[in-house]
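Inspection log for the structure reproduced underneath, given as structure tokens.
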Amino acid sequence: MAQQEQQEQYKARWRLIGPGIVVAATGVGSGDLVASLVAGERFGYTLLWAVVVGCIVKIALAEAVGRWHLASGQSIFDGWRGMGVWTFVFFGPYILLWGFVYGATAMSASALPLQALFPAVPLWVFAILAGLSGLAFVWFNRYPALERVMTVLIGILFVTVVGLAIFLLPDLGSLAAGLVPTTPPDSLFYTLGLIGGVGGTITMAAYGFWVNAKGWHDAGWIRMMRLDNRVAYITTGVFVVAMLIVGAELLNSAQIALTEGDEGLVQLADVLQERFGTFISVVFLIGFFAAAYSSLLGVWHGVSLMFADFVGKIRGHTERPVEERESSWAFRAFLLWLTFPSMLLLLFDRPITLVIVYGVLGAAFMPFLAFTLMWLLNTRRTPAPWRSGIVSNIGLAIAGGLFLVLCANEIYSQLTGV
């Protein structure tokens, strides 16, 4: 009887998983898919180990975000405010500039597979429709509806991307050999980028807000959050490994090179059509759309929640329920900011200065998140039972160090053009 009750409790915990699905669907965008695809195309299975390390690093980082929200009963902005005004001075310009540029990126990425399916329609039309539909959905719906839609989209992505990898019959021996850490010539920063790019940037910080939106508000939910978080990044890893398999089996063996932008996925659809016919190509493009559009919906909701809380903390508001933040003027103002000003970038080339500042701020956010969490979770701001232990501290230190190196490389690349 006791064993049956334990099994029922275990099943009940699995049914509660939700924020992890949202963060996985948001984090695995077309950028992650194309990066792992190109890694497989260039290096075969050699960098598989980097994907695994990337998942472990992100598990440590997202767990720290969720643990802070639940153990302290505060949002990440409460923690940052306690560290000094410099944190808000950094984050304010970052989130506005990031939202302006990312809005156009997300709309374009969602439009690419649709334009490949319906070439008679201009790309900008699909991009604008993607932005407007995301705006309407998030404006009129709350977190539970988002979680249901994201579950459907990630299911589509699983069937299409993982199904394609299985269809290509991966070389299991080479796949296992790729778990041994090696760095082929000229692959160091590409390897670090692959580790750092597995599953989101600012959406890592949004995870804590989705945890609260699920109804988890105190330390009693930490165990559940940890299971949810592991499911999220194991799922993310499965998708990225699947695309690496596609790159290795379909492209590396045939010496087919793809571009590194989102256009590379459209090129892959063309390769699939030539090799296997229209049906496989169309199915893949549907998966590509699910990946891109789920990222758009997740950012429209999660980052708008962050902005609403950020504005609330500046105005001195005490902690408000997520439902109240979802209907606040700040939440909806940022939704509009993500959608309409970004459409201007669909019509014009991005100014080079804007690209440089965006690249530097974007690269700086992840070490900022890792090191500030490391500080907050080792001080009296966090109740003693939930402060970071040695494993968490090592994970956060590795994450912060890795992203600091990537940040320095990004700054160098932006300034020199190399």
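In table form, for the structure just shown:
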{"read-out": "Given charges at Cβ of Lys, Arg, Asp, Glu: the chain dipole, positive-most of I398, G163, L345", "value": "I398"}
{"read-out": "Positive-end extreme of charge dipole, the range 21-416 - chosen from A205, F100, L33 (charges on Cβ)", "value": "A205"}
{"read-out": "Contour excess over end-to-end distance, with Cα ends at T183 and E263 and 0.36 nm allotted per residue", "value": "26.2 nm"}
{"read-out": "Test item: Cα-centred dipole of the range 21-416, Lys/Arg +1 and Asp/Glu -1 on Cβ, debye", "value": "1240 debye"}
{"read-out": "Geometric extent, Cα atoms of the range 63-187 - Rg, Dmax (angstrom)", "value": "21.0, 54"}
{"read-out": "Estimated distance in nm for a label pair at R223 and L169, the labels positioned 7 Å out from Cα along Cα-to-Cβ", "value": "4.6 nm"}
{"read-out": "Distance between the range 199-224 and the range 122-160 - C-alpha centres, whole angstrom", "value": "21 Å"}
{"read-out": "Linear extension gain, A384 paired with T278, 0.36 nm per residue minus alpha-carbon span", "value": "32.3 nm"}
{"read-out": "Two-site label geometry, S253 and R15: point separation in nm, points 7 Å out along Cα→Cβ", "value": "4.4 nm"}
{"read-out": "Helical segments meeting 20 Å axial Cα length and Kyte-Doolittle -1.0 threshold in the chain (DSSP H)", "value": "48-72, 85-117, 123-140, 143-157, 222-246, 278-314, 329-347, 352-376, 390-416"}
{"read-out": "Charge sum, other residues only, whose C-beta stays under 15 Å from I222's C-beta, Lys/Arg counted +1 and Asp/Glu -1", "value": "+4"}
{"read-out": "Lys, Arg +1 and Asp, Glu -1 on Cβ, resulting dipole of the range 1-108 about Cα centre, debye, nearest 20", "value": "60 debye"}
{"read-out": "Largest-first principal axis extents of the Cα set of the chain (Å)", "value": "58, 56, 47"}
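Just so you know, all these numbers are worked out from the coordinates, no wet-lab data involved. Everything numeric in this text was worked out from a predicted model, so none of it was measured. Every residue, glycine among them, receives a Cβ derived from its backbone with ideal geometry; neighbour counts consider all protein chains shown.
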